[in-house]
Every structure is written in C-alpha cells, then in structure tokens.
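Notes follow the structure.
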Amino acid sequence: MEEIENLTQMLISPDTRNAELALELLQQQSHYIEGLVVPLTILTKLSKNEHLQALANVVLHLKYTTKIIREWEQPLEVFEAAQNAKILNWARFYKLLQYYEKNREFYEPILLNHPEYTPYFEGVAMALMRTFKQYQLAYVYFQKVREKPEFSLQAKFYLAEMIYRYFLPEGKYLEEAPKILEILRVVQTHRPPNAERFWHVMGTICELYTDDIEQAKAYYEQVLQIEPDFEQSSFNLARIYFVNEQNYIAAQAILKKLVAKHARNVDYWFLLAQVEWEGFHNLDQAEAIFQNILKLSRNKHPQTSMSLGDLYIQKGSYTDTLRYYKMALAQHPNDIQKLLKFADFQYHQLKDTAEASRFYNKVLDLDADNELAMNAIASIKG
C-alpha cells in the first residue's frame, strides 16, 4: 500500500523523471493500476501539469479500473486532461464513454445529465458518423443529448444530414423528417455558405418524406433563384411538373436544358422520354430517346427495356416488345413486376396461354400469395 501511495505522489511531482518513471511502472505492472486511487484534487493537478502528455497517458490507463471510476466525481477532468494532451482521439473517447456507461448509477446522474459533457457526446457522435461510418451508433449518441439546450447547431446539422442521407432512403426513422426540416430551417437563419444546398435538401424531404409537394416546389424554385444551374433541383422540379402537375411544357423545357449539358445522364433522358410519350404522345421521339439510353448504358438499363416493350405494344410491334421484355428479364429474372408484365403480354397479346401460365407460376414461386398471378391462372383454366 505504501508503494502505491508513493506512486501516486510521483504522478504529481514537478520532476519530469518521477512522472515518467510512474508512467513506466504503470505500463509494466498492472497490479499498481488495480490499487491506485486518484482523488479529484490530484486529477486537477494532472490536467494542469506542464508534463501533461505523459500524465494524460497515465489517466488513460486508469480508465480500466471500476474502483477508480466510482471514486471520480468529475470524469470531465479525464476528458480535458487527455484532450489537452492531444493523445485521446474520438475513437478512444467513444470507448471511454462505453466504459462509463457500464456503471449506470454513476453514468446517469453525473455524466449524462450534466451540460458540460454534451460536447463530448456530440464529438463522439460526429466522429462515429464522419470518420468511422457507424451511422446507427452515431444516432444513438446524438439521441442522448439532442434535446439538451447545449446541443450545438453544428451537431444538429450533422444529425439532420445523417438521417437524410443514410436512414430516410432506407425507410428508417421516417418520423424524423419533420424534425429535420425544423433543424434545417434553424440552420438557414444563420445564413450558412452554400445555402442553396440546404433549400434543396429541404425540398427533397418535403417531396419524398412529408408529401408536401407545393412546399417542395417552392424550395426547388428558391434554389434555382440562387443557383440556376443546380441540376438536381432542376431535375426534381421537372419531375414535379410532370408527375404532379401534368405541366408537360415546363417539364420538357427543364429536361432539354439538362440533357444538353449532361448528355450521358440516363435519368434525365429517361424522364424526358416519358414526358414525350405520356405528355405529348410523341411515340417516335420517345422511342429515339429510349434507344439512346440503351446505347449509353450498353443495353443495361432494364427500366428502359421494359418501357420500350410497352411502347411497341402501342405501336403494335409485338416482336419488338418480346425482344425488349426478354432483355429486361435477363438482367432481373426474379423481378415480380416484370414477370407479371411479361406473362400478361403472353396471355393478352400473344394468346400463348402455356407460356403465360409458366410465367405466372414463376411469380407464385417467388410470392405464393400473389393475387394477380392466381387470378390470371384461374382465368386461363376457365
């Protein structure tokens, strides 16, 4: 015990050699760590000592002892000492927080509920998101402090960005969409650089996740007032004009500008083909655009192949329909919607009930409760 007390005094000695010797002993002899008790007063001295680098290393070793953790009333001293020494990165902060969390009666009242610790939770969350790509874990740590008054504007923005980019497209946390909009509105009041990107994100959320098409349109239009060549907002606005408003002239005008500048973007070409076909009933122009898409994609755009098949049905060219449907199925052989469409084509246009039955049964192999396939088979059997 006397040896441990001497070691404790060495830690706070102004003599660099004593501190380094204490560090060496701690690293070599684990039993010293188990018995060492470092009260708050000594930790405070550690954090202010000019030989902080070596001493903060000692602090890092101490974090593994439950006995010591329970006697530390202010773990903030540990964070600050190690952070000032520039030896504790966010990955280690994360591990340290995980260690504290194991002691709930200590962690809840002392660490989680004190405002001074909010920046450390934020830092860990942002590092998990940006550096380590651990988005679910980052969400957990953002959640711990997001309702606190001390939760910073920067952390709010990163939380909103993460949910928008990585969770909403997968159908996760859809209930967060309105909250993200509110966060972005707050960020916008601070006039951030690249403001048009914020408006674009807000427009996308309104369009895809809150079903507020009018507000989405207003945001996209605001983007284009700031940056007329912002292509993604232009494309999304064209989609709204086409799908929601049937304003085919406006959609066509935007899409023609987009394909003129981005001639290899098949998404822009595909929507333009739909506008020409469904909006203006210009089958020849739509056919030419679809063929151009297949050329650009080297015949690897199944959606275009299926659309060409549909178009050729309207033209009465069933041989071409068969060719393009088969092209699409070759790339997506288990796509139920494509299989159903191909079976319907065999049944209704080609009157080939045997081939139609074969494909309807393939649908049932993939989805035994598919009512469309079951009804079609029943109709064939009479």
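Efficiency by 1/(1 + (r/R0)^6): what FRET value for L137 and R298, r their Cβ-Cβ distance, R0 = 45 Å, to the nearest 0.05? Taking R0 as 45 Å, the efficiency between L137 and R298 is 0.65.
Around K179, with a cut-off of 10 angstrom between Cβ atoms, what is the net charge of the other residues, counting Lys and Arg +1 and Asp and Glu -1? Mind dumping the intermediate values first?
Details: positive: R146, K156; negative: E175, E176, E182.
My count for the surroundings of K179 gives -1.
Note down the net charge around E245, summing +1 for each Lys or Arg and -1 for each Asp or Glu among other residues with Cβ under 11 Å from its Cβ.
Values: positive: K217, R239; negative: E214.
Here the charged neighbours net out to +1.
Phi angles of the range 339-353 translate, via the Karplus equation with coefficients 6.51, -1.76, 1.60 and θ = phi - 60°, into HN-Hα couplings of 4, 4, 5, 5, 5, 4, 4, 4, 6, 8, 8, 8, 6, 9, 5 Hz per residue; Gly and Pro are given as x. A simple count of charges around Y347, restricted to other residues whose Cβ falls under 13 Å of its Cβ and scoring Lys, Arg +1 and Asp, Glu -1, yields +1. Of K300/K362; K148/K172; K133/K326; K179/K256, which sit over 28 Å apart, Cα to Cα? Over 28 Å apart, Cα to Cα: K133/K326; K179/K256. Compared with the alpha-carbon gap, the fully stretched path from N282 to K326 is longer by 13.4 nm at 0.36 nm per residue.
The range 118-196 and the range 314-382 have their alpha-carbon centroids 45 Å apart.
All of the numbers you see were taken from the coordinates with simple rules; none came from a lab. Keep in mind the model is a prediction, meaning the values are calculated, not measured. In this analysis, Cβ positions are derived from the backbone assuming ideal geometry, glycine residues included, and neighbour counts consider all displayed protein chains.
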